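Working notes, beginning with the structure itself.
Laboratory data are not the source of any read-out in this text; all were calculated from the coordinates shown. Please read all numbers here as calculations on a predicted model, not as lab measurements. Because the Cβ atoms are built from the backbone with ideal geometry, glycine has one as well, and the counts that use them run over all protein chains shown.
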Amino acid sequence: MRKKVIFKGIALPWLLLLPQLVITGVFFFWPAGQAIYGSFLREDAFGLSREFVGLENFRDVLADPNYLAAGWNTVVFSSSVAIGALGVALFLAVQADKAIRGADAYKTMLIWPYAVAPAVAAVLWLFMFHPQIGLFGKALNGIGIRWDYKVNGDQAMLLVIMAAAWKQVSYNFIFFLAGLQSIPRAVLEAAAIDGARPVRRFWTIIFPLLAPTSFFLLVVNIVYAFFDTFGTIHALTQGGPGQATSTLIYKVYVDGVQNLNFGASAAQSVILMAIVVALTAVQFRFVERKVHY
Amino acid sequence: MFRRTIMAGAVALAAGFGAPAQAQAQATAPTEIQFWHGLTQPLGGMLEQIAADFNASQNRYRIQATFRGSYPETMVAAIAAFRAGQAPGIVQMFEVGTGTMMAAGRAIKPLHELLAETNTRIDFQDYLPGVRGYYSLTDGRMMSMPFNSSTSVVFYNKDAFRRANLNPDAFPETWEGVEAAARALKAAGHACPMTTAWPTWLMVEQFSAIHNIPLATQANGMGGLNAELRINNPLLVRHFNNLVAWQREGLFRYGGRDGAADALFPNGECAMIFASSGLRARIMREAQFPWGVGMLPVYQGTTPINSIIGGASFWVMNRGPNAARSADELQGIAQFFAWIARPEVAAKWHTDTGFLPVTRTAFEQVRATGFYNQPANAGADVPIQQMLRGGGQMTENSMGIRLGGFVEIRTIIQEELERAFQGQQTGEQALANATTRGNVVLRNFERQNAAR
């Protein structure tokens, strides 16, 4: 019964597609192509000499134990950030969805952190957890816990995870709340009349009905943890101590912008791009099957 | 990568809009020379004032001084601009970027060429040897214009010293003395007896210079791009092992990379800090206790020689890979350099900021005014005396450091040191790993720059 609309000729459809194609071309394909090209080169910072080295940059990068360690850091960091941010946001959204006094104010406050730039968020956390000048940092040391993320890699990792996840909670919260509000009340009330307690109602009705939202957020959060957390790490730990909080994206920055090693940086970008493409493909292929729209 | 692209794009855009206007104005207006610097306020404003004074002194050239972010950001911006054919005429480059700039071939205009072509005379014999040596070739020809130079010293809390029954008027001359003092401070209840800012600069670079041991072969890289790190030596191993042991004992606290530890002294947290002499201004403003300035200590049995400098110098850049500067622009740049070399300009910069007076004449001029005898300025001459320690006879170990990719090597050393502080490795392993990783950087740099 569906009515099919077919354009006559080829010019109009292309014209309509053109803006999108231009944007994708300029902002994705062109830089991505440059990165791939650059990953086969070795050049000095000023671009005065250039040597084609084939896959040497990739070989060097993959043979570097620090790069492999950064890969592991990224796994720990990204999964913790995604799970933490999603879990906390879901909990808060469920609470905010209840009929409580001042719900609007509460919701507004939860959305605020999203408007904070990553570097600023990091500075806020720095002021809270700096071992000497931070409120909580000083308190922790005061009660005998040796808190010093500058010489303790695990604590540093915990700190960047918290700071990065905190920022993403608001975003997730908005989506979860919208998802919750679109669940028909009648279904929940029917379950309540049948005797289902809140926890059971949550896991058998709300959670499955939220699945499309959750899946979307999972993809977004992983991409966020991979690509957008550079500012947070830079402002908090600069990848240290040692390279305990150095993730793949942070290494791209350090090698490309700080160390002016463009070939290695480009090779890392290409690897990172491949990882994210693969990860997203996996998510759509396997996780999405379990999602009911 | 992304940021770099944006920056290059922004530079290209700005240039595109600016060019026609510039061409129109050329006939009447003075020649504009872009000058990018990396000094935050209040220092940046003082530097811009110097450019403004120069502009007011004549009407043929206009130096357009603009802030481009921190030193590393300025460096990256200048390099991106060069690749886009829009480099500034003058760029302020921090001392660790010196090796990269020296190897930059036709991206830069060496200072000695500039001065010769424009018939400008600046008396570099009057410059402090440590300053001159850092920015010159081995044969003495200057490559960049020295400007804001600092060195490192130790600041200590006199109240804390008194409470620990230590002499507040004499800082220990040896590390053994410092260790004993730290132990006394700890016994007197001080939670953080000592810390260091700029861990690599202080504990490796300065340490090697004043102990007169090489940091790298080829005269610390001055002799060629094939230099190799020599930091894995018995004296540094001993020092690193000490630092790690002191950290564990609570005598030393690692305050973070680069200048992160600076904050720990003015607030009274740490009783001693090894830091840039430029920290003085902040301490004067913030510290609520009497404090003193001491020279960097050495291990017993060593006669200390001069310390090396940090800070930045001014480099002349060509516009792009295929665009040289016009004779007119070069003339303007040379005259600006002659302006900042004047003793009164150098002296004012020194007294305003706490950076070193780069010339002897400027130093004498300031001394003649009785500046150092005023109580508020006590110890302000310690950095200069330390620069001249050992009779001003520099060795190839104390001339300075000229390694390619040195920004990265500094980070590597800090990272390995941090791993040692975490207990993941000994001080010796930290130095061995830093040497291996640092040499990879040096070899890459050599290869990238040898192809030309």
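For segment A:93-151, the calculated P(r), taken from all Cα-Cα distances in 10 Å bins from zero up to the bin holding the longest distance, is 21, 29, 26, 23, 2 percent. The amide H of B:Cys192, built 1.01 Å from its N in the peptide plane, has B:Ala271 as neighbours under 5 Å, considering only residues 5 or more places off or on other chains. Shielding of peptide B:71-77 by partners, expressed as the average count of other chain Cβ atoms within 10 Å per residue Cβ, is 2.
Dividing the helix sum by the residues of chain B, where each DSSP H run of 4 or more adds -39500 (n - 2.57), gives a mean residue ellipticity at 222 nm of -13500 deg cm²/dmol. Dividing the C-alpha radius of gyration of chain B by 2.2 N^0.38 Å, with N its residue count, gives 1.00.
With the convex hull of the Cα atoms taken as the outline of segment A:60-290, the averaged projected area works out to 15.4 nm². Starting from the Cα gyration tensor of segment A:155-205, take the square roots of the eigenvalues, sort them a ≥ b ≥ c, and report rounded, prolate or oblate (rounded when a/c is under 1.5, otherwise prolate if a/b is larger than b/c, else oblate). Oblate. Remark: segment A:135-148, residue by residue, has Karplus-estimated 3J(HN,Hα) of 4, 6, x, 5, 4, 4, 5, x, 9, x, 8, 6, 9, 8 Hz, where x stands for each Gly or Pro and the curve is 6.51 cos²θ - 1.76 cosθ + 1.60 at θ = phi - 60°. Peptide A:36-46 shows a mean partner chain C-beta count of 6 within 10 Å per residue C-beta. With neighbours defined as other Cβ atoms within 10 Å of a residue's Cβ, the residues A:Arg42, B:Arg121 order from fewest to most as B:Arg121, A:Arg42. Averaged over the residues of peptide A:250-261, the number of Cβ atoms from other protein chains lying within 10 Å of each residue's Cβ is 5. Averaging the sequence gap over all C-alpha pairs within less than 8 Å and six or more residues apart, then dividing by the number of residues, gives segment A:60-290 a relative contact order of 29 percent. Put in line by how crowded their Cβ is, counting other Cβ atoms within 10 Å and starting with the fewest, A:Arg289, B:Arg319, B:Arg447 read A:Arg289, B:Arg447, B:Arg319. Tell me the angle of helix B:175-187 to the major Cα principal axis of chain B, expressed in degrees between 0 and 90 and rounded to the nearest ten. Result, in degrees: 60. When only alpha carbons are used to place a centre, segment A:56-92 and segment B:218-268 end up 30 Å from one another. Once you divide the Cα radius of gyration of segment A:1-93 by 2.2 N^0.38 Å, the number left is 1.85.
Note: relative contact order over segment A:173-293, using C-alpha pairs below 8 Å and six or more positions apart, is 26 percent.
Between B:Asn148 and B:Ala312, the built amide H atoms are under 5 Å apart, and every one of these is 5 or more places off in sequence or on another chain. Taking θ as phi - 60° and the Karplus parameters 6.51, -1.76 and 1.60, the scalar couplings of segment B:32-44 work out to 8, 10, 6, 9, 9, 10, x, 9, 6, 5, x, 4, x Hz in sequence order, x denoting glycine and proline.
For segment B:238-394, the spread of Cα positions along the three principal axes, ordered from largest to smallest, is 62, 44, 35 Å. Distance from the Cα centroid of segment A:112-179 to that of segment B:113-157 is 44 Å (rounded to whole angstrom). Find the Rg to Rh ratio for the protein assembly as shown, where Rh is the Kirkwood radius over alpha-carbon pairs and Rg uses the same atoms. Over the Cα atoms of the protein assembly as shown, Rg/Rh equals 1.02.
Scanning residues 5 or more positions from B:Trp291 or on other chains, those with amide H under 5 Å from its amide H are B:Lys158, with H placed 1.01 Å from N in the peptide plane. Normalised by 2.2 N^0.38 Å, where N is the number of residues, the alpha-carbon radius of gyration of segment B:46-107 equals 1.25. Once the Cβ-Cβ distance of A:Ile143 and A:Ala69 is raised to the sixth power relative to R0 = 35 Å, the FRET efficiency obtained is 0.65.
Once C-alpha pairs closer than 8 Å and six or more residues apart are averaged by separation and normalised to the residue number of chain B, the relative contact order reads 25 percent.
For segment A:60-290, the tally of Lys pairs with Cα-Cα distances below 26 Å comes to 8, considering only residues 8 or more apart or on different chains.
Couplings 3J(HN,Hα) for segment B:409-422, derived from phi with the Karplus relation 6.51 cos²θ - 1.76 cosθ + 1.60 (θ = phi - 60°), are 5, 4, 4, 4, 5, 4, 4, 5, 5, 4, 5, 5, 5, 6 Hz, where x marks Gly and Pro. Going from the residue with the fewest nearby Cβ atoms within 10 Å to the one with the most, B:Ser277, A:Ser269 rank A:Ser269, B:Ser277. Compared with the dominant Cα axis of chain B, that is its longest principal axis, helix B:71-83 is turned about 30°. Both numbers refer to the Cα atoms of segment B:78-183; Rg and Dmax are 21.2, 62 Å.
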